[in-house]
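Data first, discussion second: the structure below is written as C-alpha cells.
The values are calculated or read from the model by the stated rules, or taken from the named source; none is laboratory data. Computed from a prediction, not measured in an experiment: that's the story for all the values here. Cβ placement follows ideal geometry from the backbone for every residue including glycine, while neighbour counts extend to all protein chains displayed. We work out accessible area using only protein heavy atoms, side chains counted, and drop any ligands, DNA or RNA first. Shrake-Rupley method; radii C 1.70, N 1.55, O 1.52, S 1.80 Å.
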Amino acid sequence: MKLDFSDTALAFQHASPADLRRARLLFGVLASPTLVSVGKSLSLWALKWRLPVKGLIRATVFRQFCGGETVAESRPAIQRLWNAKVGSILDYSVEGQTTDAAFDQTVEVALQTLALAAHEPGLSLGVFKMTGIAPHELLERLSSGRELAPHEAEQLQKVRARIRRMAHFAAKSGRSLMIDAEETWIQGAIDQLAREAMMEFNTDRVVVMTTIQCYRVGRQDQLRADLDHAAEHGYCYGVKLVRGAYMEKERERAASMGYPSPIQPDKAHTDAEYDACLRLMLEAVGTPEQPGRVGIVVGTHNEESTRQAAEWLVARGWNPHEAPVWFAQLYGMSDFISFVLAHHGFRVAKYLPFGPIANVMPYLLRRAEENTSVAGQTGRELMMLRKETARRGSATRK
Ligand SMILES: Cc1cc2nc3c(=O)[nH]c(=O)nc-3n(C[C@H](O)[C@H](O)[C@H](O)COP(=O)(O)OP(=O)(O)OC[C@H]3O[C@@H](n4cnc5c(N)ncnc54)[C@H](O)[C@@H]3O)c2cc1C
C-alpha cells in the first residue's frame, strides 16, 4: 500500500473555497512569531478586560481549531468529518479549573460526550485532562512523592471517583477513554492514576489509555516498564503516543529552577524516541493471528511516523480497520494525513476541542505557538492549502 499524503483533492474534499481561504490566511499569520506574540498578548489582555474580541477569535483561530462552544455546536463538524469516515474525539478543553463544582462539571460534560456516541457514529474515543478534574497543587504534591495532608487525601478520593465514573461509562458503552499527558511536574500523579484505572477497567479490553510524551528523555524505558507491569498484572495496556506540547515551558522551568531539562536535546532525538516507542508498541500489537493485549493511538502530524505505523500494520497482515491502532490528529491540522488514512481504511479520528472561548484560550495559544515554533508544520499546511487552491483553479479553467 502506498500512502500519498500529497493528494490534496482527497485531503480537502470537505473544505469550501471560503474554508481554504480562511485557513491560508490563518496559517500565514501563524507563520510569523512576531504576529503570534503580539496577538497572544492582545487577546489575553482584551479578554481579561472583557473587550469585545470574542467575535474575532471565534471567526479565526477558534473556527479553525475548535468544534464550537458546546457539544451541540460541534455536531456539524463531527458529521462533516464522519462523511469521510474520520472520527472525532470530543475534547472539553477547559483547563486550569480550581473548584469541585468545576471538576464535576468537566466529568458531566465528558459523560455527555460519551453518551452522544450512541447517536453519532465516529465517536469511539473519549478524552480528558487530569487538570480538568483535579487541583493542580494536588497533582504536583502527589508527583513529588511527599505525604498528602488529610484534606488532600480527601481530594484524591474525589478525583479517583471522577475517573471511575467516566471509565465505567466508557466500559459500559464500548468506548475507550484517553488521559492526556501534561507538564512533567504533575505527570507522575497522572501516570499513577492512569495506571490504577487501567488495572481496574482494562481486564478484557482497552478501556482506559494513558499518554506518553516522547520529547521526554527515557520514554522507551518507561514504556517497557509499563508493558511489563500490564503483563505481570494481567491487564490490557493502552497508550497514546505523542511528541509533547509543553517544550518551551519545560525548558524554561528547568533552567530557572536549576535542574536538568527533562526534554530531549533536539528534534532528531525526539523523533528517534517517538519512532522507537512506536515500534515497541507495534510489536506488542502482534498479528491478526496472535494479537497482543494492547491498543495504540498514534497521535501525530508527522508523516514519517504515520507512514511507518500504517505500513507496519499492513505488512503484518492486518486489515487496517481491524488493527487495534488509531491514528489521531488535531482538528484544523494535517487533514492531508487524516483523510488519506481514512480513505485507505485506517481508523482515524481528530481531537475536536470545544468549550467557552475564554476557557479554551490555553489550548488555542498552544496551537498558535506550536505552529510558529515547530519548523515545518505551518509550512506543510500552507503548501498543501496552496496546492489545493491551485488545483481547484486549474480544474475550473479546464
Ligand atoms: C491526537 C493528539 C493528541 C495529543 N495529546 C497530547 C497530550 O496528551 N499531551 C501533550 O503534551 N501533547 C499532546 N499532543 C500534541 C503533541 O504532543 C505535539 O505537540 C504535536 O502533535 C506536534 O508533534 P507531531 O508529532 O505532530 O509533529 P512534528 O512536527 O514531527 O513534531 C513537533 C514536536 O517535536 C518536538 N520538538 C520540536 N522541536 C524540538 C526540539 N528542538 N527538541 C526536542 N523536541 C522538539 C515537540 O514535541 C514538538 O511539538 C497531541 C497531539 C495529537 C495529534
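Is it the case, given these coordinates, that Arg175 is charged (D, E, K, R), touching a strand residue (DSSP E or B) at 6+ places or on another chain (Cβ under 8 Å), crowded, with 21+ Cβ neighbours inside 10 Å and over 16 Å from Ser143 (Cα atoms)? Show your work before the answer.
Working: charged (D, E, K, R): yes; touching a strand residue (DSSP E or B) at 6+ places or on another chain (Cβ under 8 Å): yes; crowded, with 21+ Cβ neighbours inside 10 Å: no; over 16 Å from Ser143 (Cα atoms): yes.
When the stated conditions are applied, Arg175 does not pass them.
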Check your understanding: Which of the residues that make up region 85-96 are over 19 Å from Lys172 (Cβ atoms) and out of contact with any Phe, Trp or Tyr (no Cβ under 6 Å at 6 or more places or on another chain)?
Key -> Lys85, Val86, Gly87, Ser88, Tyr92, Val94, Glu95, Gly96
Review point. If the Cβ limit is 7 Å and pairs must be 6+ apart or interchain, which residue in region 65-89 that is more than 25 Å from Leu365 (Cβ to Cβ) pairs with which residue that is open to solvent by 20 Å² or more (accessible area, probe 1.4 Å) and within 16 Å of the ligand (Cβ to nearest atom)?
Key: Gly87/Ser124
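Kindly indicate whether Ala284 is among the aliphatic types (A, V, I, L, M) and under 23 Å from Glu381 (Cα atoms). Can you show your working first?
Numbers: among the aliphatic types (A, V, I, L, M): yes; under 23 Å from Glu381 (Cα atoms): no.
It is false that Ala284 is among the aliphatic types (A, V, I, L, M) and under 23 Å from Glu381 (Cα atoms).
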Point to revise | Checking Lys350 against (1) open to solvent by less than 10 Å² (accessible area, probe 1.4 Å); (2) within 26 Å of Tyr246 (Cβ to Cβ); (3) of a type outside the set (Gly, Ala, Ser); (4) more than 16 Å from the ligand (Cβ to nearest atom), the condition it does not meet | key: (4)
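Residues that are aromatic (Phe, Trp, Tyr), part of a helix (DSSP H, G or I) and under 27 Å from Asp266 (Cβ atoms): does region 341-353 have at least one? Don't jump to the end; show me each part of the working.
As a first pass, look at region 341-353 and keep what is aromatic (Phe, Trp, Tyr): 346, 351.
From what's left, part of a helix (DSSP H, G or I): none.
No, that holds for no residue.
Which residue out of Arg397, Arg367 is in contact with a helix residue (DSSP H, G or I) (Cβ under 8 Å, 6 or more places away or on another chain), modelled with pLDDT under 85 and of a type outside the set (Asp, Glu)? Outline the logic, then answer.
Working: Arg397 fails: in contact with a helix residue (DSSP H, G or I) (Cβ under 8 Å, 6 or more places away or on another chain).
The match here is Arg367.
Would it be correct to say that Glu273 is within 16 Å of the ligand (Cβ to nearest atom), touching a Cys at 6+ places or on another chain (Cβ under 9 Å) and modelled with pLDDT of 95 or more?
yes
Looking for something in a loop (DSSP other than H, G, I, E, B), open to solvent by 10 Å² or more (accessible area, probe 1.4 Å) and among the small types (Gly, Ala, Ser) - is there at least one such residue anywhere in region 361-379? Give the derivation first.
Start the filter on region 361-379 by keeping residues that are in a loop (DSSP other than H, G, I, E, B), which leaves 374-376.
From the residues that got through so far, the ones that are open to solvent by 10 Å² or more (accessible area, probe 1.4 Å) too are 374-376.
Next, from what is left, pick out any that are among the small types (Gly, Ala, Ser): 375-376.
Yes, that holds for at least one residue.
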Review point. Before we move on, is Glu273 surrounded by fewer than 20 Cβ atoms within 10 Å (Cβ to Cβ) and of a type outside the set (Val, Ile, Thr)?
Key: no
Exercise for review: Filter region 283-310 for residues that are away from the ligand (no atom under 16 Å from the Cβ) and either buried (at least 17 other Cβ atoms within 10 Å of the Cβ) or farther than 29 Å from Gly234 by Cα (or both) and give the result.
Suggested key: Ala284, Val285, Gly292, Arg293, Val294
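Restricting attention to helices (runs of 4 or more DSSP H) lying wholly within region 128-232, give those where 2 or more residues are touching a residue at least 40 places away in the same chain (Cβ under 8 Å) and within 15 Å of the ligand (Cβ to nearest atom).
Working: elements: 136-144, 150-172, 184-201.
Correct list: 184-201.
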Point to revise | Every residue from region 239-254 that is more than 11 Å from the ligand (Cβ to nearest atom) and open to solvent by 80 Å² or more (accessible area, probe 1.4 Å) | key: Glu252
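Yes/no matrix, rows are residues, columns are (1) of a type outside the set (D, E, K, R); (2) farther than 14 Å from Met166 by Cα; (3) open to solvent by 20 Å² or more (accessible area, probe 1.4 Å):
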site	(1), (2), (3)
Leu81	yes, yes, no
Val86	yes, yes, no
Val94	yes, yes, no
Asp104	no, no, yes
Val107	yes, no, no
Ala110	yes, no, no
Review point. What do you reckon, is Thr99 within 16 Å of the ligand (Cβ to nearest atom), modelled with pLDDT of 90 or more and either polar (S, T, N, Q) or open to solvent by 20 Å² or more (accessible area, probe 1.4 Å) (or both)?
Key: no
Practice item. Consider Arg386 carefully, then state whether it is surrounded by fewer than 17 Cβ atoms within 10 Å (Cβ to Cβ), over 19 Å from the mean Cα position of the chain (by Cα) and not in a loop (DSSP other than H, G, I, E, B). Key: yes
